[in-house]
1. Residue 51 is checked against (1) at positive phi; (2) surrounded by 15 or more Cβ atoms within 10 Å (Cβ to Cβ); (3) in a strand (DSSP E or B); (4) of a type outside the set (A, V, I, L, M) and fails just one. What number does that condition carry?
2. Suppose we filter 270, 201, 233, 213 for residues that are in contact with an Asp or Glu (Cβ under 6 Å, 6 or more places away or on another chain) and either surrounded by fewer than 18 Cβ atoms within 10 Å (Cβ to Cβ) or more than 28 Å from residue 79 (Cα to Cα) (or both); which single one remains?
3. Out of curiosity, is residue 32 in a loop (DSSP other than H, G, I, E, B) and surrounded by 15 or more Cβ atoms within 10 Å (Cβ to Cβ)?
4. Kindly indicate the residue of the stretch 77-109 that is in a strand (DSSP E or B) and without any contact (Cβ under 8 Å) to a residue 12 or more places away in the chain and also farthest from residue 134 (Cα to Cα) among those meeting that condition.
5. Going by the structure shown, is residue 206 closer than 25 Å to residue 286 by Cα, over 16 Å from the mean Cα position of the chain (by Cα), in contact (Cβ under 8 Å) with a residue 40 or more places away in the chain and open to solvent by less than 40 Å² (accessible area, probe 1.4 Å)?
6. In the stretch 219-233, what count of residues is obtained for those that are in a strand (DSSP E or B), in contact with a strand residue (DSSP E or B) (Cβ under 6 Å, 6 or more places away or on another chain) and without any contact (Cβ under 8 Å) to a residue 40 or more places away in the chain?
7. Those residues that are farther than 18 Å from residue 35 by Cα, open to solvent by less than 50 Å² (accessible area, probe 1.4 Å) and part of a strand (DSSP E or B), I need them from the stretch 110-169; list them, please.
Amino acid sequence: MRAIKWAMGLAILVGASFHISARQDEAVDLRGPAPKKGEVTVSKTVFKIKNADVKLTAAGMTFDVKQSMTATEEDEVKVLTVDGRQATKVQTKITVEKIEAVTTLGGNDMNENKDGDLHGEVIISERGKDGKWKHSLVDTKPTDKQKKQLDKRVGPENEDDLYPEGKVQVGHTWTVDASALQRVFGGSITELKGKLKMKFVKIEEVNGERCAVIEAAGIIKGVAKEDEGNLDVELDMKGLTWRSVKTGLDIKDKASGKLKMSGKIEMDGVKAEIALEGPFTIDSTSKYKE
(Lines give C-alpha, C1' and ligand atoms only; values in the text may rest on other atoms or scores of the structure.)
Protein backbone atom coordinates (compact mmCIF):
# COMPACT_ATOMS: atom_id res chain seq x y z
CA MET A 1 0.00 0.00 0.00
CA ARG A 2 1.32 3.43 -0.81
CA ALA A 3 1.07 7.08 0.78
CA ILE A 4 -0.06 9.21 1.28
CA LYS A 5 -0.33 5.25 -0.99
CA TRP A 6 -0.93 4.94 2.15
CA ALA A 7 -5.02 4.80 1.46
CA MET A 8 -6.81 2.70 -1.17
CA GLY A 9 -10.02 3.24 -3.50
CA LEU A 10 -13.03 1.57 -4.95
CA ALA A 11 -12.93 1.00 -8.72
CA ILE A 12 -13.94 -1.37 -11.52
CA LEU A 13 -11.39 -1.94 -14.28
CA VAL A 14 -12.64 -2.84 -17.75
CA GLY A 15 -11.07 -3.67 -21.09
CA ALA A 16 -7.90 -5.59 -21.82
CA SER A 17 -5.82 -4.37 -18.90
CA PHE A 18 -6.76 -7.39 -16.77
CA HIS A 19 -8.59 -10.67 -16.77
CA ILE A 20 -9.51 -13.26 -14.16
CA SER A 21 -7.66 -16.51 -14.73
CA ALA A 22 -6.12 -17.67 -11.45
CA ARG A 23 -7.62 -20.30 -9.17
CA GLN A 24 -9.79 -18.51 -6.62
CA ASP A 25 -9.21 -21.23 -3.98
CA GLU A 26 -5.43 -20.75 -4.10
CA ALA A 27 -3.74 -19.86 -0.77
CA VAL A 28 -1.51 -16.77 -1.01
CA ASP A 29 1.12 -15.18 1.25
CA LEU A 30 0.00 -11.53 1.14
CA ARG A 31 3.13 -10.30 2.93
CA GLY A 32 5.35 -11.33 0.04
CA PRO A 33 9.14 -11.69 0.03
CA ALA A 34 11.68 -9.48 1.79
CA PRO A 35 13.09 -6.43 -0.03
CA LYS A 36 16.32 -6.95 -1.97
CA LYS A 37 19.41 -4.77 -2.05
CA GLY A 38 19.66 -2.90 -5.33
CA GLU A 39 16.03 -3.20 -6.41
CA VAL A 40 14.43 0.02 -7.68
CA THR A 41 10.72 0.83 -7.49
CA VAL A 42 9.12 3.48 -9.71
CA SER A 43 5.88 4.91 -8.31
CA LYS A 44 3.29 7.57 -9.06
CA THR A 45 0.59 8.83 -6.68
CA VAL A 46 -2.15 11.35 -7.46
CA PHE A 47 -4.30 12.76 -4.64
CA LYS A 48 -7.36 14.83 -5.58
CA ILE A 49 -9.94 16.88 -3.71
CA LYS A 50 -12.82 18.20 -5.82
CA ASN A 51 -15.09 21.13 -4.89
CA ALA A 52 -14.52 20.85 -1.17
CA ASP A 53 -16.56 23.19 1.03
CA VAL A 54 -14.30 25.44 3.10
CA LYS A 55 -15.54 27.76 5.82
CA LEU A 56 -13.05 30.31 7.13
CA THR A 57 -13.87 32.58 10.07
CA ALA A 58 -11.51 35.45 10.94
CA ALA A 59 -11.82 38.96 12.41
CA GLY A 60 -15.55 38.47 12.94
CA MET A 61 -16.19 37.57 9.30
CA THR A 62 -17.01 34.21 7.72
CA PHE A 63 -16.03 33.26 4.18
CA ASP A 64 -17.51 30.32 2.26
CA VAL A 65 -15.01 28.97 -0.23
CA LYS A 66 -14.86 26.11 -2.75
CA GLN A 67 -11.52 24.41 -3.24
CA SER A 68 -10.16 21.76 -5.60
CA MET A 69 -6.61 20.39 -5.48
CA THR A 70 -4.46 17.84 -7.25
CA ALA A 71 -1.18 16.75 -5.68
CA THR A 72 1.11 14.54 -7.77
CA GLU A 73 4.30 12.74 -6.76
CA GLU A 74 6.48 10.49 -8.87
CA ASP A 75 9.61 8.89 -7.46
CA GLU A 76 12.24 6.20 -7.82
CA VAL A 77 13.29 4.36 -4.67
CA LYS A 78 16.49 2.25 -4.61
CA VAL A 79 17.13 -0.13 -1.72
CA LEU A 80 20.71 0.29 -0.45
CA THR A 81 20.77 -1.95 2.65
CA VAL A 82 18.45 -4.58 4.14
CA ASP A 83 18.13 -6.21 7.54
CA GLY A 84 15.90 -9.29 7.38
CA ARG A 85 12.52 -8.15 6.02
CA GLN A 86 13.25 -4.46 6.57
CA ALA A 87 15.00 -2.01 4.24
CA THR A 88 17.29 0.11 6.41
CA LYS A 89 18.74 2.56 3.88
CA VAL A 90 17.24 3.81 0.63
CA GLN A 91 17.80 6.47 -2.02
CA THR A 92 14.74 8.31 -3.30
CA LYS A 93 14.73 10.47 -6.42
CA ILE A 94 11.72 12.80 -6.49
CA THR A 95 11.14 13.19 -10.21
CA VAL A 96 7.81 15.03 -9.86
CA GLU A 97 6.25 16.81 -6.89
CA LYS A 98 3.62 19.36 -7.80
CA ILE A 99 0.39 20.90 -6.52
CA GLU A 100 -2.41 22.39 -8.61
CA ALA A 101 -5.17 24.19 -6.70
CA VAL A 102 -8.24 26.24 -7.57
CA THR A 103 -9.95 28.30 -4.88
CA THR A 104 -13.32 29.91 -5.66
CA LEU A 105 -14.50 32.86 -3.58
CA GLY A 106 -17.41 35.06 -4.56
CA GLY A 107 -17.50 33.59 -8.05
CA ASN A 108 -13.83 34.35 -8.68
CA ASP A 109 -11.28 31.58 -9.24
CA MET A 110 -7.78 31.83 -7.84
CA ASN A 111 -5.34 29.35 -9.40
CA GLU A 112 -2.12 28.14 -7.85
CA ASN A 113 0.28 25.78 -9.60
CA LYS A 114 3.65 25.08 -8.02
CA ASP A 115 6.33 22.46 -7.56
CA GLY A 116 6.75 20.94 -4.13
CA ASP A 117 9.73 21.80 -1.94
CA LEU A 118 11.44 18.47 -2.72
CA HIS A 119 10.79 18.42 -6.48
CA GLY A 120 13.88 17.19 -8.34
CA GLU A 121 15.81 16.32 -5.18
CA VAL A 122 17.59 13.07 -4.28
CA ILE A 123 17.11 11.91 -0.68
CA ILE A 124 19.06 9.40 1.40
CA SER A 125 16.95 7.82 4.17
CA GLU A 126 18.43 5.71 6.97
CA ARG A 127 16.55 3.75 9.62
CA GLY A 128 18.06 3.86 13.12
CA LYS A 129 18.03 1.09 15.70
CA ASP A 130 15.12 2.91 17.38
CA GLY A 131 13.05 2.45 14.20
CA LYS A 132 13.11 6.16 13.34
CA TRP A 133 14.12 7.38 9.91
CA LYS A 134 16.54 10.22 9.20
CA HIS A 135 16.51 11.91 5.81
CA SER A 136 19.09 14.09 4.08
CA LEU A 137 19.51 15.61 0.64
CA VAL A 138 22.34 14.45 -1.61
CA ASP A 139 25.03 17.06 -2.37
CA THR A 140 23.03 20.00 -0.98
CA LYS A 141 21.90 21.58 2.27
CA PRO A 142 18.11 21.71 2.69
CA THR A 143 16.29 25.01 2.98
CA ASP A 144 14.13 25.58 6.05
CA LYS A 145 11.05 24.51 4.06
CA GLN A 146 12.79 21.41 2.76
CA LYS A 147 13.94 20.46 6.25
CA LYS A 148 10.35 20.57 7.50
CA GLN A 149 9.26 18.31 4.64
CA LEU A 150 12.13 15.90 5.28
CA ASP A 151 11.13 15.69 8.95
CA LYS A 152 7.62 14.59 7.89
CA ARG A 153 8.79 11.83 5.55
CA VAL A 154 8.73 8.13 6.29
CA GLY A 155 10.91 5.37 4.94
CA PRO A 156 9.76 2.15 3.25
CA GLU A 157 8.63 0.34 6.40
CA ASN A 158 8.02 -3.39 6.44
CA GLU A 159 4.29 -3.93 5.82
CA ASP A 160 3.81 -7.17 7.76
CA ASP A 161 1.50 -5.44 10.28
CA LEU A 162 -0.94 -4.74 7.45
CA TYR A 163 -1.34 -8.36 6.31
CA PRO A 164 -2.04 -11.72 7.97
CA GLU A 165 0.78 -14.15 8.71
CA GLY A 166 1.01 -17.22 6.48
CA LYS A 167 -1.02 -18.15 3.41
CA VAL A 168 -4.72 -17.24 3.18
CA GLN A 169 -7.45 -17.88 0.63
CA VAL A 170 -9.91 -15.61 -1.15
CA GLY A 171 -12.59 -14.48 1.29
CA HIS A 172 -10.21 -14.11 4.25
CA THR A 173 -10.92 -11.02 6.38
CA TRP A 174 -8.91 -9.18 9.04
CA THR A 175 -8.73 -5.79 10.77
CA VAL A 176 -5.87 -3.29 10.73
CA ASP A 177 -5.44 -0.79 13.56
CA ALA A 178 -4.85 2.82 12.55
CA SER A 179 -1.47 2.83 14.31
CA ALA A 180 -0.16 0.45 11.63
CA LEU A 181 -0.90 3.14 9.03
CA GLN A 182 1.51 5.68 10.55
CA ARG A 183 4.14 4.46 8.07
CA VAL A 184 1.80 5.65 5.32
CA PHE A 185 0.95 9.10 6.64
CA GLY A 186 4.37 9.83 8.11
CA GLY A 187 4.55 13.08 10.04
CA SER A 188 1.82 14.74 7.99
CA ILE A 189 -0.94 13.19 10.13
CA THR A 190 -0.23 11.86 13.64
CA GLU A 191 -2.16 10.51 16.64
CA LEU A 192 -4.00 8.08 14.35
CA LYS A 193 -7.15 6.37 15.62
CA GLY A 194 -9.63 3.97 14.03
CA LYS A 195 -9.56 0.70 12.13
CA LEU A 196 -9.68 -0.58 8.57
CA LYS A 197 -11.63 -3.73 7.71
CA MET A 198 -9.72 -5.71 5.10
CA LYS A 199 -10.79 -8.51 2.77
CA PHE A 200 -8.96 -10.66 0.21
CA VAL A 201 -11.63 -10.57 -2.49
CA LYS A 202 -10.12 -12.33 -5.53
CA ILE A 203 -7.07 -12.97 -7.70
CA GLU A 204 -6.65 -11.15 -11.01
CA GLU A 205 -3.98 -10.67 -13.63
CA VAL A 206 -2.99 -7.05 -14.24
CA ASN A 207 -0.78 -6.58 -17.29
CA GLY A 208 0.43 -10.15 -16.93
CA GLU A 209 1.06 -9.90 -13.18
CA ARG A 210 -0.96 -12.16 -10.87
CA CYS A 211 -2.38 -9.94 -8.13
CA ALA A 212 -4.32 -10.42 -4.93
CA VAL A 213 -7.15 -7.89 -4.88
CA ILE A 214 -7.58 -6.52 -1.36
CA GLU A 215 -10.55 -4.44 -0.24
CA ALA A 216 -10.33 -1.96 2.64
CA ALA A 217 -12.88 0.27 4.35
CA GLY A 218 -12.99 2.33 7.51
CA ILE A 219 -12.73 5.70 9.23
CA ILE A 220 -9.31 7.04 10.24
CA LYS A 221 -8.87 10.09 12.49
CA GLY A 222 -5.74 12.03 13.33
CA VAL A 223 -4.09 15.42 13.74
CA ALA A 224 -2.31 17.40 11.02
CA LYS A 225 0.37 19.54 12.64
CA GLU A 226 1.09 22.52 10.41
CA ASP A 227 3.01 25.77 10.94
CA GLU A 228 -0.30 27.65 11.05
CA GLY A 229 -1.81 25.35 13.71
CA ASN A 230 -3.11 21.86 14.41
CA LEU A 231 -6.05 20.50 12.43
CA ASP A 232 -8.28 17.54 13.29
CA VAL A 233 -8.52 15.19 10.30
CA GLU A 234 -11.06 12.49 9.46
CA LEU A 235 -10.86 10.17 6.44
CA ASP A 236 -13.87 8.00 5.63
CA MET A 237 -12.43 5.76 2.94
CA LYS A 238 -13.01 2.71 0.78
CA GLY A 239 -10.43 1.21 -1.48
CA LEU A 240 -8.86 -1.59 -3.47
CA THR A 241 -5.25 -2.68 -3.77
CA TRP A 242 -3.85 -4.98 -6.49
CA ARG A 243 -0.87 -6.63 -4.75
CA SER A 244 1.54 -8.82 -6.72
CA VAL A 245 1.45 -12.43 -5.53
CA LYS A 246 5.07 -12.92 -6.65
CA THR A 247 6.77 -9.76 -5.39
CA GLY A 248 4.42 -8.29 -2.76
CA LEU A 249 4.50 -4.97 -4.60
CA ASP A 250 1.28 -2.96 -4.79
CA ILE A 251 0.90 -2.69 -8.56
CA LYS A 252 -2.15 -0.46 -8.24
CA ASP A 253 -4.05 1.34 -5.45
CA LYS A 254 -7.34 3.18 -5.75
CA ALA A 255 -9.15 4.97 -2.94
CA SER A 256 -12.10 7.30 -2.55
CA GLY A 257 -14.07 8.79 0.29
CA LYS A 258 -14.73 11.93 2.29
CA LEU A 259 -12.14 14.17 3.95
CA LYS A 260 -12.87 16.47 6.90
CA MET A 261 -10.42 18.93 8.44
CA SER A 262 -11.05 21.55 11.12
CA GLY A 263 -9.21 23.61 13.68
CA LYS A 264 -7.77 26.95 14.74
CA ILE A 265 -4.95 28.48 12.76
CA GLU A 266 -2.96 31.70 12.58
CA MET A 267 -2.04 33.30 9.25
CA ASP A 268 0.09 36.45 9.07
CA GLY A 269 -0.75 37.21 12.67
CA VAL A 270 -4.51 36.79 12.16
CA LYS A 271 -6.25 34.06 14.16
CA ALA A 272 -8.91 32.10 12.32
CA GLU A 273 -11.02 28.95 12.39
CA ILE A 274 -11.20 26.72 9.35
CA ALA A 275 -13.37 23.76 8.39
CA LEU A 276 -13.02 21.75 5.17
CA GLU A 277 -15.19 18.90 3.91
CA GLY A 278 -15.20 17.24 0.52
CA PRO A 279 -14.65 14.12 -1.59
CA PHE A 280 -11.17 12.79 -2.31
CA THR A 281 -9.58 10.18 -4.53
CA ILE A 282 -6.15 8.57 -4.51
CA ASP A 283 -4.65 6.69 -7.46
CA SER A 284 -1.27 5.04 -7.21
CA THR A 285 0.82 2.74 -9.41
CA SER A 286 4.19 1.04 -8.81
CA LYS A 287 6.56 -1.18 -10.76
CA TYR A 288 10.10 -2.45 -10.51
CA LYS A 289 12.60 -0.68 -12.75
CA GLU A 290 14.36 -3.03 -15.12
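The values are calculated or read from the model by the stated rules, or taken from the named source; none is laboratory data. For clarity, every value in this text was computed on a predicted model and none was experimentally measured. Cβ placement follows ideal geometry from the backbone for every residue including glycine, while neighbour counts extend to all protein chains displayed. Note: areas computed on protein heavy atoms with side chains; ligands, DNA, RNA excluded. Shrake-Rupley method; radii C 1.70, N 1.55, O 1.52, S 1.80 Å.
1. (2)
2. From the options 270, 201, 233, 213, the qualifying one is 201.
3. yes
4. Of everything passing the filter in the stretch 77-109, 108 is farthest from residue 134 (Cα to Cα).
5. When the stated conditions are applied, residue 206 passes them.
6. Within the stretch 219-233, residues that are in a strand (DSSP E or B), in contact with a strand residue (DSSP E or B) (Cβ under 6 Å, 6 or more places away or on another chain) and without any contact (Cβ under 8 Å) to a residue 40 or more places away in the chain number 6.
7. 122, 123, 135, 137, 168, listed by residue number.
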